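One structure below.
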């Protein structure tokens, strides 16, 4: 009887811990857009406008991504051909860079369109969130610099000789 009661108490305890951990994981997995909506306290009209803007920009991004993939394929074809045309290669590189620039502009346009949907208080929160973005990335690099700059780290192409993990001593 004593063993049974200990078993039941342990089972209940483990179940409660598991539920708490699961709830924390689900909160952490909340989609970024849902977190933004919650943090900014968006109205239903604003939420719908955000969705419309994001869908429009996703369509544009898909088109640009496919153009970029086609461009990369053309570069590969040209590089593997026997007659390498320097002017054609440079034109493909320029076109690829233009597409990458268009992708970046597309992201900025979306940010601005979303920003214009917000009221003044929400705009301040939105700007504060994105102003610190560069600082957070820099802080991440500073904190992990020792991992990137280890003297025993071998540089090379992934999957190629010279990119092996350092031996543990």
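The values are calculated or read from the model by the stated rules, or taken from the named source; none is laboratory data. Computed from a prediction, not measured in an experiment: that's the story for all the values here. Don't worry about glycine lacking a Cβ; one is built from the backbone with ideal geometry, like all the others, and counts go over all protein chains shown.
Consider the stretch 96-115. How many of its residues are in contact with a helix residue (DSSP H, G or I) (Cβ under 9 Å, 6 or more places away or on another chain) and within 22 Å of residue 39 (Cβ to Cβ)?
6
Check every one of the helices (runs of 4 or more DSSP H) wholly within the stretch 1-83 and list those with 3 or more residues that are at pLDDT 75 or above and in contact with a helix residue (DSSP H, G or I) (Cβ under 6 Å, 6 or more places away or on another chain).
44-80
Condition check ((1) in a helix (DSSP H, G or I); (2) modelled with pLDDT of 85 or more; (3) within 30 Å of residue 41 (Cα to Cα); (4) within 25 Å of the chain's Cα centre (by Cα)) across all residues:
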position	(1), (2), (3), (4)
87	yes, yes, no, no
112	yes, yes, yes, yes
128	yes, no, yes, yes
154	no, no, no, no
159	no, no, no, yes
162	no, no, no, no
